[in-house]
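Undergrad: Pasting a structure below so you can have a look.
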Amino acid sequence: MPGIPVADRQATQEEVARHRDAIRRLAHGLELTGPRLRDDGAVVVHNPERGYRKVFRLSAAASDLVGRYVHVITDDVPGATDAKDL
């Protein structure tokens, strides 16, 4: 991830929420749908394709935008069910 080491602190829900419109646009541009936000600051998206290339790209772009690591997961994992609209 350019500029943001993975070991850096993960962005909080509040930090991510401050950039919600831009993160929605980034997700849309990558054809990732339904962006939502978990209480721990992780972003949940639906990826219509196999693999995680676009998910990793969203994480990198969102991390650059927020200035902290933004964890992005897909909606097909157990921890995605309690996320709220971003």
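Just so it is clear, none of the values below were taken in a lab; they were calculated from the coordinates. Because the structure is a prediction, the values reported are computed rather than measured. Glycine gets a Cβ as well: all are built from the backbone with ideal geometry, and neighbour counts include every protein chain shown.
Undergrad: Neighbour counts of other C-beta atoms within 10 Å: give me Arg53, Arg18, Arg36 arranged from fewest to most. Can you show the working numbers first?
TA: Working: Arg53 11, Arg18 14, Arg36 17.
Going from sparsest to densest Cβ surroundings: Arg53, Arg18, Arg36.
Undergrad: When the helices in the chain are scored as -39500 (n - 2.57) per DSSP H run of 4 or longer and the sum is shared across all residues, what 222 nm value do you end up with, to the nearest 500 deg cm²/dmol? Mind dumping the intermediate values first?
TA: Numbers: 3 runs with 29 residues, N = 86.
Using -39500 (n - 2.57) per qualifying helix, the result is -10000 deg cm²/dmol.
Undergrad: Need one word for the chain: rounded, prolate or oblate. Basis is the Cα gyration tensor (sqrt eigenvalues a ≥ b ≥ c); a/c below 1.5 gives rounded, then a/b vs b/c decides. Write down the numbers at each step before the final one.
TA: Working: a/c = 1.40, a/b = 1.18, b/c = 1.18.
Cα axes put the chain in the rounded bin.
Undergrad: Non-local amide H neighbours of Val44 (under 5 Å, H modeled in plane, Pro and chain starts lacking H): which ones?
TA: Correct list: Arg36, Leu37, Arg38, Ile73.
Undergrad: A follow-up question, please. With θ taken as phi - 60° and the coefficients 6.51, -1.76 and 1.60, list the Karplus ³J(HN,Hα) couplings across the stretch 45-59 in order, rounded to whole Hz; mark glycine and proline as x.
TA: So the J values, rounded to whole Hz, are 9, 9, 10, x, 9, 6, x, 10, 3, 5, 5, 5, 5, 5, 4.
Undergrad: Can you tell which of Leu37, Pro78, Ala62 lies farthest toward the positive end of the dipole of the stretch 13-85, using +1 and -1 charges on the Cβ of basic and acidic side chains (Lys, Arg; Asp, Glu)?
TA: Result: Ala62.
Undergrad: Further question: Any idea how far apart Lys84 and Thr12 come out in nm if each label point goes 7 Å out from Cα toward Cβ?
TA: Taking the simple label geometry, Lys84 and Thr12 are separated by 1.5 nm.
Undergrad: From the residues Ala11, Leu26, His46, which one has its Cα farthest along the dipole of the chain in the positive direction, the dipole being from +1 and -1 charges on Cβ of Lys/Arg and Asp/Glu about the Cα centre?
TA: With unit charges placed on the Cβ atoms, the residue in question is Leu26.
Undergrad: Give me Tyr69, Tyr52 ranked fewest to most by other Cβ atoms within 10 Å of their Cβ, as a rough exposure proxy.
TA: On the way: Tyr69 19, Tyr52 14.
The fewest-first ordering by Cβ neighbours comes to Tyr52, Tyr69.
Undergrad: Placing +1 at every Lys and Arg Cβ and -1 at every Asp and Glu Cβ, with all other atoms neutral, what dipole size does the chain have around its Cα centre, in debye to the nearest 20?
TA: On the way: 13 positive and 13 negative charges, 46 e Å.
For this selection, approximately 220 debye.
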